[in-house]
Structures are given as C-alpha cells and as structure tokens.
Amino acid sequence: MADVESMFHQVRVPPEDADLLRFLWWPAGDLSQDLVDFRMMLHLFGATSSPSCANFALRKCAEDNKGQFSQEAVDKVLHCFYVDDCLVSVASDEKAVSLYHELVVICAKGGFQLTKWISNRRDVLAAIPEGHRAKDMKMLNMDQDLLPVERVLGVEWCIQSDTFKFKIVVKDRPLTRRGILSTVGSIYDPLGIVSPVVLSAKKILRDLCRRALGCDDVIPQTVAQEWTSWLDTLCHLEKCNIMRVDPEDQLPADDPEVKKAATVNAVQASEEADAVIRMIHHFSSWVHLRKAVAWILRFKTWLSSLCQKRRQQNRALAQSDLDVEQQRCSLEKDMETFKRKMASSCLSVEELEKSELEIIKFSQRKRFPEEFSMLEKGKSVKGHSHIHTLCPLMEDGVLRVGGRLSRSSMPAEAKHPIILAKDLHISTLLLRHVHQKVGHGGRNHMLSKLHERYWISGASTAIRSVLSKCVICRRLNAQPMS
Ligand SMILES: [Zn+2]
C-alpha cells in the first residue's frame, strides 16, 4: 500500500483553463496593499475536478510508458489506485518487491512520487528504503516489533494479523435524536460488516421518529435506557477481527463445495451424455462454476499424467534388479509422492481463464451448431440466424462479434466481445456476477461492464430479470414501512 505525495499539486492546469481557478490575495502577503487577482496553475485540494484530473494524468503516464514496464505494473496503475491511494495485493513476496520497484519508477515518469509504503510482509518491508515507508514503519525492528494498525480507505487494518478491525470512540453527545444520529453515523463501516449491530441503534432512531420527537427534544426514559445499554455493548466491536480475503481469487483450494461438486460431476460425466449441461445448471454462481470446471480439467490432466508416470515407472523398474515385491513397494512409494506433489497446489489464474473459455465454447456449440458449421467451412452465417446482424467470427473456437472496429484502439476483447444467448443458464450466472462486480449497480452500469468482454443479445431484458430477483437490491430499494 502506498500514497502519491501531494498528488493534485503534481498536475498542471492548462493556461486556458486557469481562469476557472482565480482567487484574490494581497501581493506578497502585505495586507496594506490592494487585493490582486491570482490564478492557480496547479490543481488544488477541495476542487471537485481535482481527483478526476489527477487520476487522468496518472493513467496517461502509465499508458504512455507501457512499453518500458511489465503489463502487470501498468495494470496496477490503471486499476489499483483510489485517487492517491495505491492498494495492491499479490500472491508472493518476490512479486510484491518487483512491483514496488516498477511502480515507483512508472509513477516517477509522470512526476508522481509514491511514499508511505506499507506491507503486511516483513520481507517486502525490508526491501523498501526506510525513507519510503509509512511513519510507523520507519523505526521498526523487523525481527521483534509487532506491525502497527493503519487506516486503509478509512477502515482500520491490523497489519500484524492481516485483519480489519473497528476502532470505537464514543463521544459525549446529548440524549436527543441529533446526538444519537451523530453517534450512529460515526461508525464507519463501508462493507456493512457490522450492520447487524448498527441495526439495533437504527431501530431506536426509527422509534423516535415515529414518536414525532424534535431533533433536540429530550428522549423518553425507556428509550434512553435502551440506548445506553446498546452504547455499553459497542466496545465489544473492538474485539472483532475480519480476515482479509478476496472472495473470488483466494478461496481456499480445498473449498468443500467446489471440490465435492467437481468430483461428483466428473463421475457423472462419463455416465450421462448431457451431464455437462446438468452440471452447469447445478451451479448458481459463476465463480463456483468456473472453479469446478477448472478442477475437472485439472483432474483430467492428472489422470493422464498419472497413467503416463505409472507406465514410465513400470518400464524403469522392469530393467532394475529388484524382486517383484520390492518393485511393487518402490512403485507405490513413488506414485504416492507424485500424487501428493500434484494435489498440493491451488488453482492458477490461467487455469480459471481456460475453464471460462471451455464453458463458453461448450455452451456456444450447443446453442449455435449451425453457425459453427458455416463458419468452420469458411462461409458467413445465414440470414435467418439470430446472430446474423452481429457478423460473427470464430477465433480459437469461440464465437465473437465481428464488425469494423478492428483498427480502433479499444482493448481486443471489447472490439470483438464473446457472443452468448440470453436464455443460457451461464448468461444468467454471468449477469449476476457482473451485477455483484459493479456493486449492485443499475442496468446501464451492468451493460457497459458486460460489453467489455461479452455480448448477450437482448441483455436488457435479461438484466431486468436479474435485478428484480436480487435480494440485496430489493432490500436497498424498498420503501420504508408506513
Ligand atoms: Zn443487486
């Protein structure tokens, strides 16, 4: 985690726009003289436009210099900054150190200096010069001292235990609606982790509203008692530790739901012709489906490499001078070691991406068999096809939208998104996934995110159905009870 030093002040305002940032001041601070008109030549703190302009400059700097750095470092600048806060999570210490070096240089190219570095890994911290570390990290004895608690986008992060915590400071406020509202509002919980606790206090507020009490009226004795007992329990929140885990990419490899389903479905697949369709329908989450298929694909590779290994071992042992029993023992021991080695690793990003493409290829072939056969013959799809207007093309066995955007500078996936039909189960799963990714955003937000990679004809109708069934959206959009 790092911070861009005085980010807004690193970005100049074009002279023709500087008139928007005029202000009056005394020349050289001499109050006896007449006020003079000044213009800010840099973006200033407090202007609504500054975060957006400064971010644009940072992204432009990454894009302009992308040839000199790894794609990952460029992607981190494009996607892992929240205004001046850089929040990056990677799988290994080595990767973190190499990213640290790249990010410092790539940002420096645009005049941005990354400071206040923090990491929950001591080896990574040790690789960062003391002057670049956050204040509490500077004088740290790496072998003995505990890592401190820092604030990350307003949330308390205990670096030592890598957990999120809550710091509760209850100020003395009057026993009125205004006082209670102020205390409840001071609990900062953007992720909604402690909503069940806050709910009790909100119910007290609702109760006071129903009694039609004014903002500064003294509240009744019974409600006051209820409120104080809630306040007394609030300090327990400080003992609450929330593990920091990315729900999509870092679920444990032995996730029981996924592993069990993968094994069961692998057995079914050999017995039933439409087992794959049944398996797809078995899942209600795109992330879990993707993982299950990735496990099945790995299981398939395991089986074939196990057979191959066994054959090799058999050949090698047959040429040795061990007796039959010794050969058997040696073979079993070798195979056990081999199996353990293969079973211990987690799924990789490449495996997940491959599994996603396999699911899509399978679903597209089932849904558009005629289109596939035409394209495989090198012909274009027939006029009566539902996807004729999309001028589909086939790339590595995947149907994509054709069109005239091949020369544009858009990302390749957005130029030729993957075609899916709205009545497929995976389209529903995908839309639900997109809906969660955009933070339960509305239809247009979902469509723009979806079109970065996929094209579902009639997506608007499908999205409406997903939105109407989303429990969280229904709860958030519900009218208060009268
Ligand atoms: Zn929703």
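The values are calculated or read from the model by the stated rules, or taken from the named source; none is laboratory data. Just so you know, these numbers come straight off a predicted model, no measurement behind them. Note: ideal-geometry Cβ built from the backbone for every residue, glycine included; neighbour counts use all protein chains shown.
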Checklist (1) under 26 Å from D232 (Cβ atoms); (2) in contact with a helix residue (DSSP H, G or I) (Cβ under 6 Å, 6 or more places away or on another chain); (3) of a type outside the set (D, E, K, R) applied to C158, failing item
(2)
Verdict on K361 being closer than 15 Å to M394 by Cβ, outside the structural domain of P392 (by TED's automatic domain parsing), among the charged types (D, E, K, R) and in a helix (DSSP H, G or I)
yes
Among (1) among the β-branched types (V, I, T); (2) within 15 Å of the ligand (Cβ to nearest atom); (3) closer than 15 Å to K361 by Cβ, the one test that I426 misses
(2)
Just name the residue that is nearest to the ligand (Cβ to nearest atom) out of those in the stretch 457-482 that are assigned to a helix (DSSP H, G or I) and surrounded by 15 or more Cβ atoms within 10 Å (Cβ to Cβ).
C473
Taking the stretch 305-346 and keeping only residues that are surrounded by 12 or more Cβ atoms within 10 Å (Cβ to Cβ), closer than 24 Å to W295 by Cβ and not hydroxyl-bearing (S, T, Y), one is left with L306, K309, R310, M335, F338, K339, M342, C346
Quick count over the stretch 85-111, residues being over 14 Å from D123 (Cα atoms) and among the acidic types (D, E), is 2
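Against the definition (more than 16 Å from the ligand (Cβ to nearest atom), touching a Leu at 6+ places or on another chain (Cβ under 8 Å), assigned by TED's automatic domain parsing to the domain that holds K309 and not in a strand (DSSP E or B)), how does K339 come out, yes or no?
Criteria met by K339.
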Can you confirm whether the stretch 429-450 contains a residue that is out of contact with any Gly (no Cβ under 8 Å at 6 or more places or on another chain), of a type in the set (A, V, I, L, M, F, W, C), more than 17 Å from I359 (Cβ to Cβ) and within 12 Å of the ligand (Cβ to nearest atom)?
yes
Given (1) farther than 27 Å from S385 by Cα; (2) assigned to a helix (DSSP H, G or I), number of the condition L429 does not satisfy:
(1)
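Please note which strands (runs of 3 or more DSSP E) are completely contained in the stretch 1-107 and include at least 3 residues that are loosely packed, with under 12 Cβ neighbours inside 10 Å.
Values: elements: 2-4, 22-25, 36-39.
It comes to 22-25.
Return yes when G402 is surrounded by fewer than 17 Cβ atoms within 10 Å (Cβ to Cβ) and in a loop (DSSP other than H, G, I, E, B) and no when it is not.
Values: surrounded by fewer than 17 Cβ atoms within 10 Å (Cβ to Cβ): no; in a loop (DSSP other than H, G, I, E, B): yes.
It is false that G402 is surrounded by fewer than 17 Cβ atoms within 10 Å (Cβ to Cβ) and in a loop (DSSP other than H, G, I, E, B).
Being within 30 Å of R206 (Cα to Cα) and surrounded by 11 or more Cβ atoms within 10 Å (Cβ to Cβ), is that true of even one residue in the stretch 442-456?
We begin by selecting, within the stretch 442-456, every residue within 30 Å of R206 (Cα to Cα); these are 442.
Filter once more, so that each one left must be surrounded by 11 or more Cβ atoms within 10 Å (Cβ to Cβ): 442.
The answer is yes; a qualifying residue exists.
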Criterion violated by K422 - all others in (1) within 24 Å of L375 (Cα to Cα); (2) out of contact with any His (no Cβ under 8 Å at 6 or more places or on another chain); (3) buried (at least 17 other Cβ atoms within 10 Å of the Cβ) satisfied
(3)
Cβ-Cβ distance below 9 Å, separation of 6 or more or different chains: which pairs start in the stretch 455-468 with a residue that is closer than 17 Å to H445 by Cβ and basic (K, R) and end on one that is within 14 Å of the ligand (Cβ to nearest atom) and in a helix (DSSP H, G or I)?
R464/R443
If you check K333 against the conditions, is it assigned to a helix (DSSP H, G or I) and either within 30 Å of S427 (Cα to Cα) or touching a Leu at 6+ places or on another chain (Cβ under 9 Å) (or both)?
no
